[in-house]
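The values are calculated or read from the model by the stated rules, or taken from the named source; none is laboratory data. All figures in this text were calculated on a predicted structure; none of them were measured in a lab. Virtual Cβ from ideal backbone geometry, glycine too; neighbours counted across all protein chains shown.
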Amino acid sequence: MELRCPKREILEFYPAFAPMGGVLGGVEAASRAYLGKPAQRLSESEAALLAVLPQAPSLLRPDRHPERARAARDKVLDRMAGRWTARAIADARQEPVIAQPVREPLLAPLFAERLRRLQPHAARIESTLDAAMQQMVEQLLASRLGILPPRVSMAALVMDNETLEVRAYAGSADFTDTERFAHVDMVQAVRSPGSALKPFLYGLALDEGLIHSESLLADVPQSFAGYQPGNFQASFSGPAGVSEALQRSLNVPAVEVLERLGPQRFVALLRRGGLRLELPPGATANLSVILGGAAVSLEGLVGAYSALARAGVSGRPRYFADSPLVESRMLSEGAAFIIRDVLESGGPVARLVDGGIGSRRGIAWKTGTSFGFRDAWAVGVSDRHTVGVWVGRPDGTPNPGFFGANIAAPLLVDIFSVIDDSPPAARVPPPGVGSARICWPLGTRSEGTPAALCHQQRTAWILNDTAPPTFPDRLRTGSARRIDYRDSATGRRVRPGCSVGDMRAVEMARWPAALEAWLDPALRARALPPPWTVGCSAGDGSNAGDGLQIVGLSNGETIRRAGNGPPARLRLEARGGEQELIWLLNGRQVGRVPARQALTLSFAEPGSFQITVMDQTGQHDRVEISVR
């Protein structure tokens, strides 16, 4: 370990995995097994006992050799002189060593019961489990029990990517804990996966020629035939590429892509790829499928995710060495490479959780959280293994504040840390995958695109030498490339036959109408056309945004609070607009009201704020204010 790990990591691993006698490993496990209490409640005497135990775990077991253990403990107490008071050391030496007998724990009990049911008449059953790996995984789960609320369980599954053989199987964290429903095997249980299916949506959309890795998507409030998804953080980001949308698990862009692919086709492709997906009784697939509106099992997800490390071919987990090899084509090799690369890069949120282990060790992972915080998932792949983790209550009751990134992903990262420390093999793009510079808002290659139509450039993975354009605008008709006519003298827009002077034709690239309100000022000035010449407007709705205006507030206005009085309150009103108005404060949705109805906001803290209003047709207005 000295050669592989820095001192700090060794010090972190030691209390969690140090041998404590028998199959026990780690201070927490030993404290519960020998002393019947969590480690945080240990006395000085008990802490000294467990500190010395790893030096000779078998010889110093307190349940079998209490006098020998006491002598070793007292030596540790003597060495604490100068750090502890003499009185504390003397009192600790007076405590007898009394440890409850430790029954050797069962290894993989739920897995063993499952195999017994599969082969009820076999005198001996040989499985694919790796005993050492199974023990490490079980210890990792057990070490987290102390931080979990009542009735919360955990499950984990580790599969070898080459053979599809299951190496570790923990259906629950502690088989003896009836309060946590530990007898329920959550590896097999069918639950809502939250966002865990998004990698397959984007991978299948790549294969269908709908997107590349930087296709422009709209993370803004949208209505899809009455379905109005929101993001987990209740805020929106505006323009987002496919890579960012997947790394940040943005909901609205995923629904936008699913609308283009088709939810029924998506479900059919997943099933063809080997993932058993269950819909509510009598229901047909709809847009909610991508946000958890269907159900899967942990072993199903692990089999599906293995496709990212197996050139797009998923596999059914195998529990016996002689089990048949069941494989299905989930994605093309190229799509699997692109999606794994995007997930492996991780983005800032992932790096905050895994400390960069994903990019360093070639681990690509994704989380999911079901509606109501009922299920927290994390599934990841390395070159050698696919690992899945589930955390939740088997009875389906909510766990407020529990989501995949904060409760399941750290456990996933820890499992990879102990089972898979080999460096990743160098990967090169397979045939059909290439890199290209593409342009926003059109989504096409920058090569051959006039500079005036290329407002932003991105480097994208493309499949089969194809760079699909940005999706057609959902809120207005017409091409994303348009010709405007400008008065040569004033620069304002005119129509042929309306101008009395010279005019010139100017080709422009239009951003999707829903995104115009989210462009920064410099980009807006470049992307949006100039005003119409007086008396010469188009009258065709192409001047989106002019018909909806915030009234009663001026751009740059300062609102002053009354000393230490109550928060400043603003009545927000807009003129124009159709149907429902959506109000946003610094990108976060704060209200939906019918058109011509006011919305009141309170500002408890000073600062600068951006207020945006949008309607269902893409019209918008925005002002920036200061509260002092």
(Q) When you check residue 93 against the structure, is it modelled with pLDDT under 90 and either more than 30 Å from residue 322 (Cβ to Cβ) or in a loop (DSSP other than H, G, I, E, B) (or both), yes or no? (A) no
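Name the residues in the range 181-216 that are without any contact (Cβ under 8 Å) to a residue 60 or more places away in the chain and in contact with a strand residue (DSSP E or B) (Cβ under 9 Å, 6 or more places away or on another chain), would you?
Within the range 181-216, just 182 meets the criteria.
Conditions (1) closer than 17 Å to residue 260 by Cβ; (2) buried (at least 18 other Cβ atoms within 10 Å of the Cβ); (3) over 26 Å from the mean Cα position of the chain (by Cα); (4) modelled with pLDDT under 95, marked per residue:
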position: 426; (1), (2), (3), (4): no, no, no, yes
position: 429; (1), (2), (3), (4): no, no, no, no
position: 443; (1), (2), (3), (4): yes, yes, no, no
position: 447; (1), (2), (3), (4): no, no, yes, yes
position: 459; (1), (2), (3), (4): no, no, no, no
position: 474; (1), (2), (3), (4): yes, no, yes, yes
Q: Scan the range 397-406 residue by residue and report those that are of a type in the set (Gly, Ala, Ser) and either buried (at least 20 other Cβ atoms within 10 Å of the Cβ) or farther than 15 Å from residue 150 by Cβ (or both).
A: 404, 405
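In the range 5-16, is there at least one residue being under 24 Å from residue 417 (Cβ atoms), of a type in the set (Gly, Ala, Ser) and at pLDDT 85 or above? Steps first, please.
Quick first cut of the range 5-16, residues under 24 Å from residue 417 (Cβ atoms) only: 5-16.
Keeping just the survivors that are of a type in the set (Gly, Ala, Ser) gives 16.
Next, from what is left, pick out any that are at pLDDT 85 or above: none.
Within the range 5-16, not a single residue is under 24 Å from residue 417 (Cβ atoms), of a type in the set (Gly, Ala, Ser) and at pLDDT 85 or above.
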Q.
Condition first: over 16 Å from residue 619 (Cα atoms), touching a Leu at 6+ places or on another chain (Cβ under 6 Å) and at pLDDT 85 or above. Can you find one or more residues in the range 518-533 that meet it?
A. no
**Q.** First in the range 417-431 and charged (D, E, K, R), second anywhere and part of a loop (DSSP other than H, G, I, E, B) and loosely packed, with under 10 Cβ neighbours inside 10 Å, Cβ under 8 Å, 6 or more apart
**A.** 421/4
Q: Scan the range 239-272 residue by residue and report those that are out of contact with any helix residue (DSSP H, G or I) (no Cβ under 6 Å at 6 or more places or on another chain) and of a type in the set (Ser, Thr, Tyr).
A: 249
Q. Is it the case that some residue within the range 491-507 is buried (at least 20 other Cβ atoms within 10 Å of the Cβ), over 29 Å from the mean Cα position of the chain (by Cα) and within 30 Å of residue 237 (Cβ to Cβ)?
A. no
Q: Would you please name the residue that is modelled with the lowest pLDDT, looking only at residues in the range 99-125 that are over 20 Å from residue 185 (Cβ atoms) and loosely packed, with under 11 Cβ neighbours inside 10 Å?
A: 104
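If I ask for residues that are in a strand (DSSP E or B), more than 24 Å from residue 248 (Cα to Cα) and either in contact (Cβ under 8 Å) with a residue 60 or more places away in the chain or in contact with a Cys (Cβ under 7 Å, 6 or more places away or on another chain) (or both), which ones from the range 291-326 would you list?
Residues satisfying the conditions are 315, 318.
Mind telling me which of the residues 572, 584 ends up being touching a Leu at 6+ places or on another chain (Cβ under 8 Å) and hydrophobic (A, V, I, L, M, F, W, C)? Quick ask: steps written out before the conclusion?
On the way: 584 fails: touching a Leu at 6+ places or on another chain (Cβ under 8 Å).
Sole residue among the options that is touching a Leu at 6+ places or on another chain (Cβ under 8 Å) and hydrophobic (A, V, I, L, M, F, W, C): 572.
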Q.
Cβ contacts < 6 Å: first residue within 17 Å of residue 112 (Cβ to Cβ), restricted to the range 167-180; second residue among the β-branched types (Val, Ile, Thr) and modelled with pLDDT of 80 or more, any location; separation 6+ or different chain. Result?
A. 167/158; 168/137; 168/158; 170/137; 171/187
**Q.** Inter-residue pairs, beta-carbon under 8 Å, first more than 19 Å from residue 77 (Cβ to Cβ) and in the range 28-54, second acidic (Asp, Glu) and at pLDDT below 95, 6+ apart
**A.** 38/28
Q) Taking the range 155-201 as the search range and keeping residues that are among the polar types (S, T, N, Q) and modelled with pLDDT of 95 or more, which one is farthest from the chain's Cα centre (by Cα)? A) 163
Q) Got a number for residues in the range 563-585 being part of a loop (DSSP other than H, G, I, E, B) and free of Cβ contacts under 8 Å to residues at least 40 places away in the same chain? A) 6
Q.
Looking at the range 423-435, can you tell me whether even one residue there is touching a helix residue (DSSP H, G or I) at 6+ places or on another chain (Cβ under 8 Å) and more than 30 Å from residue 209 (Cα to Cα)?
A. yes
Q.
Looking at 118, 110, 164, 106 in this structure, which one is of a type outside the set (D, E, K, R) and closer than 22 Å to residue 16 by Cβ?
A. 106
Q: Return the pairs, sorted by first residue and then second, in which the second residue is of a type in the set (S, T, N, Q), the first residue lies in the range 506-520 and is assigned by TED's automatic domain parsing to the domain that holds residue 586, the beta carbons are less than 8 Å apart, and the residues are 6+ apart or on different chains.
A: none
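For the range 152-255, list the strands (runs of 3 or more DSSP E) that sit wholly inside it and hold at least 1 residues that are polar (S, T, N, Q) and surrounded by 19 or more Cβ atoms within 10 Å (Cβ to Cβ); which are they? Steps first, answer last, please.
Working: elements: 153-160, 166-170, 216-219, 238-241.
Hits in the range 152-255: 153-160.
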